[in-house]
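Worksheet for the structure shown next.
Nothing in this text is a laboratory measurement; each read-out follows from the coordinates by a stated rule. All values reported here derive from a predicted model rather than from experimental measurement. FYI the Cβ positions are ideal-geometry reconstructions off the backbone, even for glycines, and counts take in every protein chain you see.
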Amino acid sequence: MFKYFALYFFLFLQVSNSQFTNLPSFDEKKIRFGYYVGFNQYDFKINYNVNPEYSIKINRGTGINVGLIGELKISDKIRLSLEPGLYSNNKELIFNERSQFTNYNDTIWKVKSNNIHLPILIKYSSKRVGNIRPYLKGGISTSLNLGNVDNNLESYGIVNNHFNRTNFYYELSFGIDFYLRYFKFSPSVRGVFSLRNEKKKNIPDNPWTGYVDKLFTRAIFVNLSFY
């Protein structure tokens, strides 16, 4: 993580000290397109029916993001942004109420996520200063998870279908546009928060999710965008 912030700081110094105004008419375009690559970390916020003696532990993994960007200019400072992409991530849920299980492997779920992610965002940019322009983004999104969960539910007679595959979120982001000589580079950090309880209804009582009331996804995205 440190090396990415070091890169941003280096670019900030280089662009801010530039003697020339790069891409002076770039923001006059009504519609523009780009793409992004980056990385992510997904987490869960878990609400319990009762306070368990041992809460569920989450081992977060770092995944990758790739996608496209389409922006429509509304005004000098406001743009409407559509950013479809594929977000891949793996994490583990560890159930520490181990007295209820006969095998160690029963206590670990490997959650594989391959999300087709579709956000619609409003981008508000500050006044351009030289070759730098900070901005904020916010909006809503939906996703379809093509991944699965590796566990031993079937051996207990329970169908492996505990989570909803579709989800809805709100998103908040901060970034900086760097106007380079031939293109615009835009790193950003985004927080993503689920609006939907991902635990399905009418799931039979079981030692894994029987004491879970609600489960919400949280995520951090770091995207490097190019226009």
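Between Ile122 and Tyr170, the modelled labels are 1.2 nm apart [label points 7 Å from Cα along Cα→Cβ]. Report, ordered by chain and residue number, the lysines lying within cross-link reach of Lys77, taken as a straight Cα distance under 22 Å and ignoring same-chain residues fewer than 8 apart. Counting by Cα, and skipping residues close in sequence, Lys77 has these lysines nearby: Lys29, Lys30, Lys123, Lys127, Lys137, Lys184. Quick one: if the Förster radius is 30 Å, what FRET efficiency do Leu72 and Val129 give, using the C-beta to C-beta distance and rounding to 0.05? Efficiency, from the Cβ-Cβ distance: 0.80.
How high is the relative contact order of the chain? Use alpha-carbon pairs under 8 Å, at least six apart in sequence, and give a whole percent.
Value for the chain: 23 percent.
Cross-link reach is defined here as a Cα-Cα straight distance under 29 Å, omitting same-chain residues fewer than 8 places apart; for Lys201 the lysines meeting it are Lys45, Lys57, Lys91, Lys110, Lys112, Lys214.
Other residues whose C-beta falls under 12 angstrom from the C-beta of Ile94 contribute a net charge of +2, scoring Lys and Arg +1 and Asp and Glu -1. The simple Förster model, with R0 at 22 Å and r as the Cβ-Cβ distance, assigns Leu136 and Lys29 a FRET efficiency of 0.60.
Once the Cβ-Cβ distance of Val37 and Lys57 is raised to the sixth power relative to R0 = 25 Å, the FRET efficiency obtained is 0.25. Database remark: amide H of Val212 closer than 5 angstrom to the amide H of Asn49 (H placed geometrically; neighbours at sequence offset of 5 or more, or on other chains; Pro and chain starts carry no H). Entry note, the chain: the mean residue ellipticity at 222 nm calculated from DSSP H runs of n ≥ 4, each adding -39500 (n - 2.57), is -2000 deg cm²/dmol after division by the residues and rounding to the nearest 500. Across all directions, the shadow cast by the convex hull of the chain built on its C-alpha atoms averages 13.7 square nanometres.
Between the alpha-carbon centres of segment 195-226 and segment 106-144 there is a gap of 18 Å.
Between Tyr48 and Lys110, residue separation times 0.36 nm minus the direct Cα-Cα distance comes to 20.3 nm. Across the chain, where is the longest run that never hits trypsin sites (Lys or Arg not before Pro) in a DSSP loop with at most 10 other C-beta atoms within 10 Å? That would be 31-126.
Once both labels are positioned 7 Å from their Cα atoms along Cα-to-Cβ, the gap between Asp213 and Asn197 label points is 0.9 nm.
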